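Worksheet for the structure shown next.
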Amino acid sequence: MTSECSMNRLEDRTVDWWMWILVIIAVIVIAVALVLVVQSRRRSGGVIAVSDIKKPSDPGSQS
Amino acid sequence: MSLLIRASALTKKPVVTLDGEDIAQVKDVLYEGSGGSVIGFTLSGRGLFAGPKNVALPWSEVVGCGRDAVMIASDQALQEQQDLVASHDIGERNVLGARLVTDTGVDLGAVVDVIVEAADVADVVGYEVEASAALGGDARNVLIPLPDALSVSGEALMVPAAALDFVSDDLAGFGAAVDDFRASLRGEN
Amino acid sequence: MLFSEALRRPVMSISSATSLGAVDGFVVDVKRPQVVALRLAGSDQVIEWDRIESFGPDAVTVADDEVPAEQKGRVQALADARFALLNKRVLDDRGDESGTVHDVDFDPESGRVTSVITSTGSLDGDRLIGCGPYAVVVRAADAANS
C-alpha cells in the first residue's frame, strides 16, 4: 500500500505540465510526416497499359 | 525528329504552360495496350502536400516533351480523367513489375521501365527488363524492342522471341535496334 | 541598356526637380516584349513606361511627380513578384531548361526587350513566349530559325 502511494506521487512529480506540450508537438510532427509520405506515394505513378480507349467524342473538346 | 525517353523519366516531370506556370506533374504514363501508342498522362498536383488530380493530359495536347518539363499551351489542354480513360483501367494495369514472356514461353524477367519514342505521335517501342537467366543472367538491365502490335495482360507482357536478337544495353543504340527489329518482322511476313 | 546598369538610377521629376526614388526593378510584358513600368525602391508604386520622359545616363526623368491613384490593370497584374524575370529558370517550348535569367537588355528609348542574358548565353527578346511563377518560356532555338 505505502509503496504504491509513493510511486504514484513520484509519477505526478515527474510528468510536468510542459511535457504535454512536447507530446503535442511530437504528435503534430508525426502527423505532418505521415501526410507528406502518404501524399508523395499518391503522387507517384507508373506506366499503364489501357485496354479500352475512350475516343475524344465529347462536344466540348475541339480536335 | 524523335527522341527515346524512359517512362520513368517522364513521371514526376512538371507540366508547364507556355505562360510559365507549373500547373501539375506527370503521375502515370498511359498507353494503348494493343498498339503501343501513348494516350496521355494522369496528373498529380505540385508541392509537398498535393495529391493526385482528377484531370488528365492527352498526348495530342502536349506541345513539347523534353528533359525538364512537359509543355502545354494552357490549362485548357487538360481534360477530365474519365473522358480519357476508364477509371477501372488505372491502378490495375501497371506494367512496371509485370513479367515479360516470349512467344516461345521463355520468361525474360520483370519489366523495370518502358521506352517511349516521343514525336508528334508517341509510341511505346521497348521494355527495359532486369536481365534474367534467359538473357545471360548478369545483373545488367537490357532493352528489348517491341513489334508494332503488342500483347499485354494484367500479369504478363508477350514479345516475339526474335526480339532477343535485337536487345541493347543503352538508349543510344536502341532506336536503330527497334527499326532493325521491325524491319526484320516485316521481311518475314 | 542592361537591367543591371539601370538599377539604382534615380528617378527625377522635371516639374519639381525632386527625386522620386531609385529604380529597384522592372515590370516586363513578355508578350510584346516590352518594359512597361519601373519599380521604385521602398515603394509599392510603379512608374509606368509612358510617364517616362527620358532614360538618361544618370537619371530617369518623368514629367510630373504626382502618383496616379489607380494603376492600369495589366501593369498592376504584371507587377506581381511572381512574374519577375530575373533569376527565373528558362524553359523552351520543347521542355528543355537552359539556365536562369541573369540580365535583360532593353532599348532605353522604346523600352523594348532586345535580348535576355541567361547563365548559359543570351537569346533574342523575340523568342520570349511567356513568364510565370515557374519559368520564363522561350521558343526553342531551332524552331526560331524555321
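Among B:Arg67, B:Arg46, B:Arg99, determine the one that fluctuates most according to a GNM of chain B built with springs between C-alpha atoms less than 10 Å apart. In the Gaussian network model the winner is B:Arg67.
Between amide H atoms placed 1.01 Å from N, distances below 5 Å from B:Lys13 occur with B:Val26, all of them 5 or more places distant or on a separate chain.
With θ taken as phi - 60° and the Karplus curve 6.51 cos²θ - 1.76 cosθ + 1.60 applied, the whole-hertz 3J(HN,Hα) list for region C:115-128 is 7, 10, 9, 10, 5, 10, x, 10, 9, 5, x, 5, 7, 5 Hz, x standing for glycine and proline.
Amide H contacts of C:Cys131 (H built 1.01 Å from N, in plane; Pro and chain starts excluded): C:Val137 sit under 5 Å, all sequence-distant by 5 or more or on other chains. Scanning residues 5 or more positions from C:Val36 or on other chains, those with amide H under 5 Å from its amide H are C:Val27, C:Val28, C:Asp29, with H placed 1.01 Å from N in the peptide plane.
Rounded if a/c is under 1.5, else prolate if a/b beats b/c, else oblate: with a ≥ b ≥ c from the C-alpha gyration tensor eigenvalues square-rooted, which is region C:89-145?
Working: a/c = 1.73, a/b = 1.47, b/c = 1.18.
Here region C:89-145 falls in the prolate category.
Listed by Cβ neighbour count within 10 Å, with the fewest neighbours leading, B:Lys12, C:Lys88 appear as B:Lys12, C:Lys88.
Relative contact order for chain B: what percent, with Cα pairs under 8 Å and sequence separation of 6 or more? The partial results should precede the final answer.
Working: 402 pairs, mean separation 34.6, N = 189.
Normalised by residue count, the contact order of chain B is 18 percent.
Considered as an equivalent ellipsoid built on the Cα gyration tensor, region B:1-126 has semi-axes of 26, 16, 13 Å, the largest given first.
Computed from backbone phi, the HN-Hα couplings of region B:75-83 come to 5, 5, 5, 7, 9, 4, 4, 5, 6 Hz, rounded to whole numbers (Karplus: 6.51 cos²θ - 1.76 cosθ + 1.60, θ = phi - 60°; Gly and Pro given as x). Nearest 10 degrees is fine. How inclined is helix B:174-188 to the longest principal axis of chain B, computing both from alpha carbons? With both axes taken from Cα atoms, the answer is about 60 degrees. Residues in region C:98-112 carry Karplus couplings, in order, of 9, x, 10, 6, 9, 7, 10, 9, 9, 8, x, 6, 9, x, 5 Hz; the curve used is 6.51 cos²θ - 1.76 cosθ + 1.60 with θ = phi - 60°, and Gly or Pro positions show x. Remark: spin-label model distance C:Ser19-B:Leu48 equals 4.2 nm, labels positioned 7 Å along the Cα→Cβ axis.
Counting other Cβ atoms within 10 Å as a rough exposure proxy, the listed residues B:Thr11, C:Thr120, C:Thr100 run C:Thr120, C:Thr100, B:Thr11 from fewest neighbours to most. According to the Kirkwood relation over distinct C-alpha pairs, the hydrodynamic radius of chain C is 15.7 Å. When B:Lys27, B:Lys13 are arranged by Cβ crowding within 10 Å, least crowded first, meaning fewest neighbours, the order is B:Lys13, B:Lys27. Provide, for the protein assembly as shown, the number of lysine pairs with alpha carbons under 17 Å apart, each pair being eight or more places apart or on different chains. Lysine pairs, 8 or more places apart or on different chains, close enough: 7. Cut-off 10 angstrom, C-alpha nodes, Gaussian network model of chain C. Which of C:Ala17, C:Ala79, C:Ala41 fluctuates the most? Comparing C:Ala17, C:Ala79, C:Ala41 in a Gaussian network model of chain C, the most mobile one is C:Ala17.
Which value in Å does the Kirkwood hydrodynamic radius of the protein assembly as shown take, with 1/r averaged over all unlike C-alpha pairs and then inverted? Don't skip to the answer; put the middle values down first.
Details: mean 1/r = 0.0395 Å⁻¹.
Taking every pair of different Cα atoms in the protein assembly as shown, averaging 1/r and inverting gives 25.3 Å.
Inter-chain Cβ neighbour count for C:129-139, averaged per residue, equals 6 (cutoff 10 Å, partner chain atoms only).
Any read-out appearing in this document is the output of simple, stated calculations on the displayed coordinates, not a laboratory observation. Computed from a prediction, not measured in an experiment: that's the story for all the values here. Note: ideal-geometry Cβ built from the backbone for every residue, glycine included; neighbour counts use all protein chains shown.
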